[in-house]
Amino acid sequence: MEKQLSNSSNLRLKKIQTFGIQYAIYLVFVVLILVITIKEPSFLSLNNFRNILSMSATRIIIAMGIGGILITGGVDLAAGRMVGLAAVLSASLLQTMEYPRRMYPDMPILPLILPILIAMAACGIFGILNGIFIAKLKVPAFIATLGSMVAVYGVNSLYFDRPPYGAQPIGGLDHRFTALGSGYVGFNGLYSIPYIVIIAAVVTLFIYVLYNKTTFGKNLYAIGGNAEAARVSGVNVEMTLIMMYSLAAVLYGLGGTLEAARTGGATNNYGNGYELDAIAACVVGGVSNLGGIGTVPGIVIGVLIFSVINYGLTFINMSPYWQQIVKGAIIIAAVALDIRKYLKKR
């Protein structure tokens, strides 16, 4: 009888441990919100929640691309610089006619969608090149995207520094464009939903379906689990990787245009470090740095956790230095849990 009770207790303990490891990130998210709310009860409001979602929207779109690449076992260090390229391109093509430092003084007002598509396509080209270098030429993803990061920044800086005004911040953006970043649907106040949040939600739904309900998505997980086994099973590994790096770059392009719209301007330094934030958010959200594991909801939660840290800890007047320590601790804990899950599966 005692032995049965002991076995039952051990089984229950193992279930609790498994649950804790599997859903630790969600528990951390809830605890983080509770701690901030206890410190400052006014934090728990619809207005703050909407602000956090608005801050997170572009980061979520960027993280969706990074997450897919991490699932394949790769990495993309060029993401942030592509965000900057998209921001500069879209902003330079969507300035008002009245702005005195217009980059293209004689250019007519363009349809809103055209500069956005141009920016996304420009990033997509770099994504295709990354995919070819990695899949066809077998250049390690870290090295290929590191080189791409430097090259994209150089291209963006050359474009940004063009005459007649040189390297000046791009401002005077078309109100149609800035409305994407600051406009909303619904009544002004508690019941409004920012356009940028709606766009991020649509992109997230699309990526969820793509990663979970299509052959392409299944191939991503197969490649991340074991690329050689996937190849033997009939998966076109090279083409899948090229498509993934291209898709990710297009998402960076969309994120960059929305970031320019949200902030009302752009410089060639936009997006600097975004790739590291996105990678950290994905890992915290349960995307394995070893490949083959990751979920779209987890990525969203990972981004929201860092947004809550940035917004919430600032809201309670915590020193930015302490915020960095909290971020670092969460990243290390997330990777440790990731390795634990991997070892348990082995």
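Quick notes on this structure:
- Any hit, the range 188-203, residues being touching a strand residue (DSSP E or B) at 6+ places or on another chain (Cβ under 6 Å) and either polar (S, T, N, Q) or over 17 Å from ALA261 (Cα atoms) (or both): yes
- Residue pairs meeting the criteria (Cβ under 6 Å; at least 6 apart or on separate chains; first farther than 11 Å from ARG59 by Cα, in the range 273-289; second outside any helix (DSSP H, G or I)): VAL283/ASN289; VAL287/GLY294
- Restricting the first member to the range 296-321 and to residues that are of a type in the set (S, T, N, Q), and the second to residues that are modelled with pLDDT of 85 or more, the beta-carbon pairs closer than 6 Å and six or more apart or on different chains are SER307/ILE52; SER307/MET55; SER307/SER56.
- One residue stands out in the range 254-267 among those that are assigned to a helix (DSSP H, G or I) and of a type in the set (Ser, Thr, Tyr): the one that is farthest from ARG101 (Cα to Cα), namely THR257.
- Taking each residue of the range 133-151 that is in a helix (DSSP H, G or I) and looking for partners that are surrounded by 22 or more Cβ atoms within 10 Å (Cβ to Cβ) and aromatic (Phe, Trp, Tyr) with beta-carbon atoms closer than 7 Å, six or more apart or interchain, yields ILE134/TYR245; SER148/PHE126.
- Residue pairs whose Cβ atoms lie under 6 Å apart, separated by 6 or more positions or on different chains, with the first residue in the range 35-63 and assigned to a helix (DSSP H, G or I) and the second charged (D, E, K, R) and surrounded by 18 or more Cβ atoms within 10 Å (Cβ to Cβ), are THR58/GLU259.
- One residue from MET55, MET64 being of a type in the set (A, V, I, L, M) and under 16 Å from ALA261 (Cα atoms): MET55
- Qualifying residue in the range 187-200 (condition: free of Cβ contacts under 8 Å to residues at least 40 places away in the same chain, within 23 Å of ILE60 (Cβ to Cβ) and in contact with a Pro (Cβ under 7 Å, 6 or more places away or on another chain)): no
- Flag if ILE279 is more than 18 Å from ARG81 (Cβ to Cβ), of a type in the set (A, V, I, L, M) and either out of contact with any Asp or Glu (no Cβ under 9 Å at 6 or more places or on another chain) or in a helix (DSSP H, G or I) (or both): no
- Some residue of the range 268-275 being under 21 Å from LEU180 (Cα atoms) and part of a helix (DSSP H, G or I): yes
The values are calculated or read from the model by the stated rules, or taken from the named source; none is laboratory data. Keep in mind it's a predicted model, so treat the numbers as computed, not measured. Glycine gets a Cβ as well: all are built from the backbone with ideal geometry, and neighbour counts include every protein chain shown.
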